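Below: the structure, in structure tokens.
Every number in this text was worked out from the coordinates using simple rules, so none of it is lab data. Nothing here was measured: the structure is a model prediction, and the numbers come from that model. Every residue, glycine among them, receives a Cβ derived from its backbone with ideal geometry; neighbour counts consider all protein chains shown.
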Amino acid sequence: MLMDHLSQLPGRSTRVIVNLAQLRRNFDLFLKEKPAGLKFLSVVKDNGYGHGMVQIAMEALKKGASYLGVVTVDEALELREAGITAPILLFGERTAEEMGICFEKNLTCSINSKEAFTLAKKLSSQRNQKLTIHLKINTGMNRYGLDWSECLEVVNAAACCDTLFLEGIYSHFAMSDELDKSFAQLQIERFQSVLNQITNQGIHIPLRHICNSGGYLDLPQAHFDMVRIGILPLGVYPSSVCRRVPGLAPVMELHSRIAALREIQPGEFVGYGLRYQAQTPRKIAVLPIGYGDGFPRVRNEGSAIVRSHRAPVVGGIAMDAMMVDVTDIPGISVGDEVVLVGKSNGEEISIHDLAALRKSVSYDAMTSIRSRIPRVYSSET
Ligand SMILES: *Cc1c(COP(=O)(O)O)cnc(C)c1O
């Protein structure tokens, strides 16, 4: 999301702070331990997991990303409009109309089926223009892709088609970041058997890839030519059990400021549905963020950090506001900085904590922070 219009407006006190210095450090840590020669594709779909697609893409390219990965044509066009000329791989399925745009904007298409291959071949000969494709192989996730056991016909046809450039072949793990790697291992074997058959036929495909962040971390035997990393450079691990990279830290913080303060007496309530009732005199701070901004719609659960102290949520989260109890925190005033995700002295609220409130995963928590909240880019080290 481009922020040009916001730079002219007074900033909203609730904001996502994207620490570009930390992002660069994370890329450096990754580059330092990455096997030499292993290429990487930076996955920046869904607004760069909520961090800002163009900004993350630019940093990834500066750090040597060979490719960018997105899902919708709109996302790819936004990257092109930002002046990015790097190769872009589109995941997912394309309509004929969308495939037409891929020719115009030099976007690499995933080919998931025989039908998609036939369409790509037809369009490329009609237009007399070459299209770069990556064949997607289904090795067990059963989402997109040509089945591993019956994909050779299409692989051969694609390799022979002179209007298509068969640059890549890939698959995707259903379970790469958990302790049990047996299914991932099965997927690797299936993918490898496809690759072996291709090689035996004398076909060379330069970019073979299967790893996401979890696979990159824990399945080095499956790195092949390129890895597709999304969450890792953002400083968040795909799971609690995958390998750690020392020094890696989150790039995203969510901050706000106290918009109002009030003192309430015992017996008084807070918020819709009267979900909280004070037992003793309480001091309540109102924060200008709610579920309309993507904060989980919880009740009397979760907390904020104010002046390095925990302030528990009281009552329910409203569309545009939430209330926290600041009774025991000294020196509170309106305008005080509030951390909803991030660190403040010894206290920390992680994106995983926010995900737990949603009963979901970090990926969902990050991408759920709406565009209504401005992204502010900081390069502080
Ligand atoms: C989102 C996605 C990735 C990135 O996954 P991370 O776990 O964020 O690294 C890789 N490949 C495909 C096909 C994806 O859709």
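Here are a few things to note about the model shown:
- With the simple spin-label model, which puts each label point 7 Å out from Cα in the Cβ direction, the SER371 to THR95 separation comes to 1.9 nm.
- Farthest positive-ward along the chain dipole, Cα basis, beta-carbon charges - from PRO288, THR381, SER42: THR381
- Rounded, prolate or oblate (a/c below 1.5 giving rounded, otherwise prolate when a/b exceeds b/c) for segment 34-234 by Cα gyration tensor: oblate
- Quotient of Cα Rg and 2.2 N^0.38 Å for segment 133-255, N being how many residues it contains: 1.18
- Cα-based convex hull, segment 252-378, per residue volume (Å³, whole number): 103 Å³
- By DSSP, the beta bridges lying fully in the chain are antiparallel in about 50 percent of cases.
- Computed lengthening from ALA174 to LYS62, 0.36 nm per intervening residue step minus Cα-Cα distance: 37.3 nm
- Under a 5 Å amide H cut-off, with hydrogens placed 1.01 Å from N, LEU146 pairs with LYS136, ILE137, ASN138 among residues at least 5 apart or on other chains.
- For the chain, built as a Gaussian network whose Cα springs stay under 10 Å, the top-fluctuating residue of LEU254, LEU135, LEU186: LEU186
- P(r) tail fraction, segment 164-205 - alpha-carbon pairs more than 15 Å apart, %: 50 percent
- Choice from GLY273, GLY290, GLY64 with maximal GNM fluctuation in the chain (Cα, 10 Å cutoff): GLY273
- Shape category assigned to segment 223-294 from the gyration tensor of Cα positions, a/c cut at 1.5: prolate
- Euclidean distance between Cα centres, segment 246-300 to segment 148-176, Å: 51 Å
- Choice from ASN47, ASN128, ASN300 showing the highest fluctuation, given a GNM over the chain with Cα pairs closer than 10 Å: ASN128
- In summary, the lysines within cross-link reach of LYS121, defined as a Cα separation below 24 angstrom excluding same-chain residues under 8 places away, comprise LYS105, LYS130, LYS136.
- Of LYS181/LYS343; LYS45/LYS122; LYS34/LYS62, those spanning more than 23 Å from alpha-carbon to alpha-carbon: LYS181/LYS343; LYS45/LYS122
- Extending 7 Å from the Cα toward the beta-carbon at both HIS309 and GLU115 defines two label points whose distance is 6.2 nm.
- With each label modelled as a point 7 angstrom along the Cα→C-beta vector, the LEU274-LEU77 pair spans 5.2 nm.
- All-pairs Cα distance distribution in the chain, expressed in whole percent, bin size 10 Å: 5, 21, 27, 21, 14, 8, 3, 1, 0
- Cα gyration tensor category, rounded, prolate or oblate, for segment 253-322 with a/c compared to 1.5: oblate
- Calculated diffusion of segment 53-117, Stokes-Einstein form, Kirkwood radius summed over Cα pairs, 25 °C and 0.890 mPa s, µm²/s: 202 µm²/s
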